[in-house]
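As structure tokens, the structure follows; a few thoughts come after it.
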Amino acid sequence: NLRQANATLMKNLNSFSEISSKNSETVNKALASLKEKEQQMKLITNTFSSNDSSAIALITKGKQTLGEDAKLATGNGTVVIDNSIASLFGNDTATTLIPESSEWLGRIAQLLNLAPDRKVVVQGLNITGEFGLTLQQVTAVASALIENHNVAPERIQIEVRDGNFKEGINIRLEPDHEDFYKKVKESLN
């Protein structure tokens with residue numbers, strides 16, 4: 001009887017040891033998975049923090065480069081520089097930049113060169129529905145940045161949209177979202 005009890009006890013100890021070993025292995029796998037997910041989240045949060053920090057730095061540099069009266073804003077890591085159509089073209093319906101706009105565009109180019117990792121979107125806002133006119137104006141601004149101020153053409157995109165009671169030309173310095181998504185995708189694989 002004592003031998004049977006000892007044999008049962010040894011069998012139970014072996015079973016307990018196997019279960020304990022499997023549980024330990026499961027816990028180790030879960031911890032490794034958590035560590036991997038933590039690294040992925042760190043990449044994402046660090047990228048967001050970096051974009052926000054560099055946007056704030058660009059606002060400061062923008063004020064220094066463009067002047068204290070410059071209309072600068074930031075949101076979601078993007079810096080937006082606003083200007084009126086009339087100050088760039090002389091009036092709302094013109095499509096040729098006035099000579100005075102060249103100085104402002106030169107200072108914009110200086111700011112763009114301070115952020116070579118940012119995508120540049122020249123955005124036209126329209127309240128009248130004359131999107132063809134706004135497209136010509138945005139194209140004139142983008143062309144001047146490329147031809148007269150040496151901004152790399154591959155950095156510039158143009159966009160025309162309804163301004164919802166606001167019209168003007170915005171220069172948007174946006175984080176490289178494609179690179180961000182690529183990094184996140186790589187970290188998830």
Per-residue ellipticity at 222 nm for the chain, helices alone: DSSP H runs ≥ 4 residues times -39500 (n - 2.57), over residue total, nearest 500 deg cm²/dmol?
-21000 deg cm²/dmol
Given the chain, what count of lysine pairs have C-alpha atoms under 15 Å apart, with each pair 8 or more places apart or on different chains?
8
Most packed first (mean Cβ within 10 Å per residue), the peptides 76-87, 57-68 order as 76-87, 57-68
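Can you give the local net charge around residue 112? Use residues other than it whose beta-carbon is closer than 13 angstrom to its beta-carbon, Lys and Arg +1, Asp and Glu -1.
Net local charge, residue 112 excluded: +3.
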Net charge, residue 62 excluded, C-beta distance under 14 Å - Lys, Arg +1, Asp, Glu -1:
+3
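In the P(r) worked out for the chain, what percent of Cα pairs fall beyond 20 Å? List each step's numbers first, then the result.
On the way: 11544 of 17766 pairs.
Within the chain, distances greater than 20 Å cover 65 percent of Cα pairs.
Each reported figure results from applying straightforward, stated rules to the coordinates on display, with no laboratory input. Because the structure is predicted, anything quoted here is derived from the model rather than measured. Cβ: placed from backbone, ideal geometry, glycine included. Neighbour counts: every protein chain shown.
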